[in-house]
Structure formats: C-alpha cells, structure tokens
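Colleague: Below is one structure. I have some questions about it.
The values are calculated or read from the model by the stated rules, or taken from the named source; none is laboratory data. As the structure is a prediction and not an experimental result, all values here were calculated from the model. Here the Cβ is made from the backbone with ideal geometry for all residues, glycine too, and neighbour counts use every protein chain on show. In case anyone asks, the SASA skips ligands and DNA or RNA and just uses the protein heavy atoms, side chains included. Shrake-Rupley method; radii C 1.70, N 1.55, O 1.52, S 1.80 Å.
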Amino acid sequence: MTASPVRLGLRENAAQFSLLVAINVFVGAMVGLERSTLPLVGRDDFGLRSSAAVLSFIVAFGVAKAFTNLAAGALAERAGRRRLLVAGWAVALPVPLLIAVAPSWGWIVAANALLGINQGLAWSMTVVMKIDLVGPRRRGLALGLNESAGYGGVALAAGLGGWLAGSFAARDVLVVAGAAIAIIAFLLSLLFVKDTGAHVELEQSRRTGDRDVAAPPLRSAFAAATYGDPTLRSCSQAGLINNLNDGLAWGLVPLYLAAHGRSIGEIGLVAALYPGVWSVAQIPAGHWSDVIGRKPLIVGGMLVQAVALALLALSSGAVPAAAVAAVLLGAGTALVYPTLIAAISDAVSPVARASVVGVYRFWRDSGYVFGGLIAGLVADALGYGGAISLVAALTAASGLWVLRDMRPSGTSARLLSRGPTGSRT
C-alpha cells in the first residue's frame with residue numbers, strides 16, 4: 001500500500017491536526033482541574049497558612065515544565081515529536097495517584113513536578129506538530145486553534161472542578177477526573193498520532209532547496225532566544241511576564257477571593273472566565289496576527305493584561321469587578337499567547353523551530369516560578385492587593401519593552417540552521 005504524499009496545509013492535514021487539537025484539550029484540562037481547587041486544598045486539607053507555602057506547588061510545576069520545554073525542543077529532532085508526546089502522557093499517569101494518597105503537602109508538590117513534565121512534553125509537542133503540519137501561510141490561525149483548545153480545556157475543567165467541589169471533596173474531584181484524562185490522552189497519543197518529521201523536511205526544502213540541514217546546537221538557540229536577537233528576546237521576556245501573571249491568577253486569586261468571603265462556586269466562576277475568554281478569543285487573535293503582524297497584538301495584549309490586574313487589585317474581592325477583570329485578562333492574554341509563538345516561528349528556519357520554541361517556552365514557563373515566588377512572598381508581606389498591583393506594573397513594563405525592542409514582522413533574520421557540514425545558513 002502506497003503511503004500518502006506529505007503535504008503542508010491546515011486542510012491537507014485536517015485529520016491529524018484535529019486529533020492534536022483534541023489532545024491539547026486534555027493537556028489543558030489536567031491543569032484546569034487544579035485552578036479552582038488546589039490552593040484551597042492546601043489551606044483546608046493540609047492546614048497551610050502562608051501564601052508562599054501554598055504556591056510552592058506552582059513553583060515546582062514551573063521549574064519542571066520550563067526545563068522540560070528546553071530539553072524537549074532539543075530532543076524533538078532526534079527522538080521524534082510523537083515519542084515525546086507519548087512520554088509526556090506516560091509521566092502524567094501517576095499524578096492522580098500521588099494526589100490521592102498524599103500524606104503531606106510535599107507529595108502534592110512532587111505530583112505537580114510530574115505534571116510540569118507532562119505539560120512541557122505534551123503541550124510543546126502538540127504546538128510544534130501543528131506548526132509542522134500547516135506550513136507558514138496560516139501559522140497564526142493554527143496556533144490560535146491550538147492554544148484555544150488547550151485553554152478551553154483549562155476553563156472547562158476549572159469551572160466543572162469548582163462546581164463539583166461544591167458537592168464532593170475537592171481532592172476526590174482532582175483524582176478521579178485527572179486519572180480519566182491522563183488515560184484517555186495517553187491511549188490517543190500512542191495509537192493514533194503520527195510523527196511530523198517529514199513535514200519539517202518538506203518545508204525546509206521549499207525554503208532552502210535542501211532537506212539535509214541540521215538543527216542548531218542548543219547553545220546557539222538559547223543565546224539567540226535569550227539575548228541575541230531583538231525579536232526573539234522580546235518574545236521570551238513577554239512570555240515570562242505573561243506566565244508570571246498567569247501563575248498569580250492560578251495560585252493567588254482563589255485565596256484573594258476566599259479571603260473576602262467568596263464561595264467556592266464564585267471562585268470557580270472567576271477561575272473559569274479568565275481561561276474561557278482566553279480560549280475563545282485566541283482563534284480570531286491568531287488569524288488577526290497573520291493579517292496585521294505580530295507586534296501590535298503583543299504590545300496591546302500586555303497592556304490590556306496590566307489594566308485587568310490593576311482592576312482586580314482595586315476590586316476588594318467583589319465578584320462583578322473580579323469577573324470583569326478576568327474577562328479583560330483573558331482577552332489580553334489571547335492577543336499575546338498564540339502571537340508570541342507565531343513570531344518566534346516566523347523568525348527562524350523550520351529545522352530550528354523546535355529548539356528555539358523550546359527555549360522560548362523555557363523562559364515563558366519560568367514565569368510560573370517567578371510568579372509563585374513573587375506573588376507568595378509579596379502577598380505575605382504586603383497582602384494580596386499589593387502582590388497583584390506589583391504584577392500589573394511588571395506586565396505594563398513588559399509591553400513597553402516589546403514596543404521598543406521588537407522588530408516589525410518579516411524583518412528578523414532567518415537564523416539558526418546549519419548545513420550538513422555544520423555551516424550556518
């Protein structure tokens with residue numbers, strides 16, 4: 001039987017693209033289950049009173065995910081995207097068990113380190129594989145669909161988790177739903193996903209006329225995405241700050257609302273609104289970035305996030321104001337999230353994509369580490385409002401950095417690939 005020819009395009013690869021979209025819903029749902037419940041489990045089940053102690057699970061998650069992103073980007077060309085995706089879901093399988101039997105908060109922190117590895121492998125590979133499949137023409141739309149699916153899963157799981165936790169023990173909800181998600185996603189990845197290495201070779205040959213081009217060494221990708229290239233470093237710092245404020249929304253906002261007497265159902269509503277708007281708005285945002293360019297959406301999105309956080313800090317935990325802030329935060333994040341990865345992908349050659357996206361995602365998910373530490377320590381010192389206000393200021397400064405430093409779309413060097421003899425191209 002003759003294998004189907006390799007083609008680039010969203011329509012041409014609709015079946016595999018749709019499967020990866022579905023799997024990314026499960027990736028997001030694994031995190032979403034914790035959004036409305038786990039900080040409260042730390043406070044109520046384990047007696048934690050320090051915000052820094054409660055948010056330690058986010059720090060562990062962020063460290064594990066950031067370094068896994070870095071390794072996954074470097075390994076993708078050698079090990080294959082599909083193998084890393086399957087490995088990511090294999091790592092997720094023991095997470096619900098650890099949460100179920102945890103005798104102390106340290107076990108929860110360890111479970112979230114494994115969850116970070118799962119997210120670093122599974123989300124990274126679904127992102128990169130979708131970029132591989134569609135080619136350059138509709139990259140923003142493809143990333144909008146990918147991130148919309150992932151954060152749709154976050155929102156759905158956060159809302160349902162909060163609702164179910166009103167009737168059942170929050171810990172039981174996490175365990176049962178988490179186990180079901182991990183098993184289903186593992187089997188889908190193992191049995192039905194196909195690798196996309198041939199699509200990378202095809203796009204590379206169209207761009208350079210040569211399929212035999214090697215990916216860059218990790219040190220070159222790390223240097224360029226961290227400080228060497230204006231577009232790449234702008235994206236890396238914006239991604240870090242974006243996830244810093246996402247970490248705050250994940251870990252601190254439930255405690256902030258609970259401190260003002262809000263019920264777990266109200267907390268679940270606010271926790272679901274933010275990723276829900278983020279999810280839905282990413283599809284038009286990704287397409288819009290294909291039309292007008294990446295930079296305007298990144299700058300505007302960071303500034304909208306800053307306004308949302310300032311409103312939340314001033315809300316005194318009132319649900320209507322917190323809900324408006326959550327909607328604005330979701331809208332601002334939607335403008336930024338798919339656009340940053342599209343901008344990274346625009347700036348580098350196809351074979352360098354996985355490595356450079358891995359470095360970007362390393363810095364972006366380091367934001368969870370900084371967010372957990374800053375939000376927890378500042379909240380203990382200055383209160384919840386003070387921590388939220390500080391993060392709002394950092395987010396505004398990040399948007400201004402992009403405005404000043406990032407090159408317009410299409411002007412960044414096509415960097416970071418090597419010929420078969422190791423020469424840069």
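Colleague: Is there any pair linking a residue in the stretch 37-54 that is under 16 Å from Asp380 (Cβ atoms) and open to solvent by 50 Å² or more (accessible area, probe 1.4 Å) to one that is in a helix (DSSP H, G or I) and not aromatic (Phe, Trp, Tyr), with Cβ under 9 Å and at least six apart or on different chains, and which?
Modeller: The qualifying pairs are Arg43/Val54; Arg43/Leu255; Arg43/Ala258; Arg49/Arg43.
Colleague: Here is a further query. With the requirement that a residue be under 20 Å from Val348 (Cβ atoms), open to solvent by 10 Å² or more (accessible area, probe 1.4 Å) and of a type in the set (A, V, I, L, M, F, W, C), what does the stretch 135-151 give you?
Modeller: Matches in the stretch 135-151: Leu141 only.
Colleague: Now for a separate question. Any chance you could count how many residues in the stretch 189-207 are of a type in the set (Lys, Arg) and touching a helix residue (DSSP H, G or I) at 6+ places or on another chain (Cβ under 8 Å)?
Modeller: 2
Colleague: Quick check on the stretch 235-258. Is at least one of its residues among the acidic types (Asp, Glu) and in contact with a Phe, Trp or Tyr (Cβ under 8 Å, 6 or more places away or on another chain)?
Modeller: Yes, the stretch 235-258 contains a residue that is among the acidic types (Asp, Glu) and in contact with a Phe, Trp or Tyr (Cβ under 8 Å, 6 or more places away or on another chain).
Colleague: So which of Leu403, Leu377, Leu390, Leu373 is in a helix (DSSP H, G or I), modelled with pLDDT of 90 or more and over 20 Å from Pro338 (Cβ atoms)?
Modeller: Just one listed residue meets the conditions, Leu390.
Colleague: OK, next. Please state which of the following conditions Phe67 fails to meet, knowing it meets all the rest: (1) closer than 25 Å to Leu244 by Cα; (2) buried (at least 18 other Cβ atoms within 10 Å of the Cβ).
Modeller: Among (1) closer than 25 Å to Leu244 by Cα; (2) buried (at least 18 other Cβ atoms within 10 Å of the Cβ), the lone unmet condition for Phe67 is (2).
Colleague: OK, next. Looking only at the stretch 333-365, filter to residues that are within 13 Å of Leu232 (Cβ to Cβ) and open to solvent by 10 Å² or more (accessible area, probe 1.4 Å); which one of those is modelled with the lowest pLDDT?
Modeller: Asp346
Here's the yes/no breakdown for (1) β-branched (Val, Ile, Thr); (2) under 25 Å from Gly116 (Cβ atoms):
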site: Leu312; (1), (2): no, no
site: Ala318; (1), (2): no, no
site: Val351; (1), (2): yes, no
site: Gly358; (1), (2): no, yes
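Colleague: Here's something else I'd like to know. Quick one: what pairs do we get from the stretch 276-294, first residue closer than 19 Å to Thr231 by Cβ, second of a type in the set (Ser, Thr, Tyr), C-beta under 6 Å, 6+ apart or different chains?
Modeller: Cβ pairs passing all conditions: Ser289/Thr339; Gly293/Ser409; Arg294/Thr339; Arg294/Ser409.
Colleague: So, in the stretch 1-36, of the ones that are crowded, with 19+ Cβ neighbours inside 10 Å and outside any helix (DSSP H, G or I), which residue ends up modelled with the lowest pLDDT?
Modeller: The extreme case among them is Ser36.
Colleague: Next question, about the same structure. Test Leu390 against the criterion of being in contact (Cβ under 8 Å) with a residue 12 or more places away in the chain, open to solvent by 10 Å² or more (accessible area, probe 1.4 Å) and touching a helix residue (DSSP H, G or I) at 6+ places or on another chain (Cβ under 8 Å), and give yes or no.
Modeller: Taking the combined requirement at face value, the residue satisfies it.
Colleague: So, of the residues in the stretch 206-223 that are modelled with pLDDT under 90 and assigned to a helix (DSSP H, G or I), which turns out to be nearest to Ala79 (Cα to Cα)?
Modeller: By that ranking, first place goes to Leu218.
Colleague: Applying the selection to the stretch 344-372, what residues are within 18 Å of Ser148 (Cβ to Cβ) and small (Gly, Ala, Ser)?
Modeller: Within the stretch 344-372, Ser345 is the sole residue that qualifies.
Colleague: Out of the stretch 112-132, which residues are closer than 23 Å to Ser345 by Cα, free of Cβ contacts under 8 Å to residues at least 60 places away in the same chain and either open to solvent by less than 10 Å² (accessible area, probe 1.4 Å) or over 15 Å from the mean Cα position of the chain (by Cα) (or both)?
Modeller: Met125 - this is the single residue of the stretch 112-132 that is closer than 23 Å to Ser345 by Cα, free of Cβ contacts under 8 Å to residues at least 60 places away in the same chain and either open to solvent by less than 10 Å² (accessible area, probe 1.4 Å) or over 15 Å from the mean Cα position of the chain (by Cα) (or both).
Colleague: Can I ask one more? Condition check: touching a residue at least 24 places away in the same chain (Cβ under 8 Å), surrounded by 22 or more Cβ atoms within 10 Å (Cβ to Cβ) and not acidic (Asp, Glu). Does Val109 satisfy that?
Modeller: no
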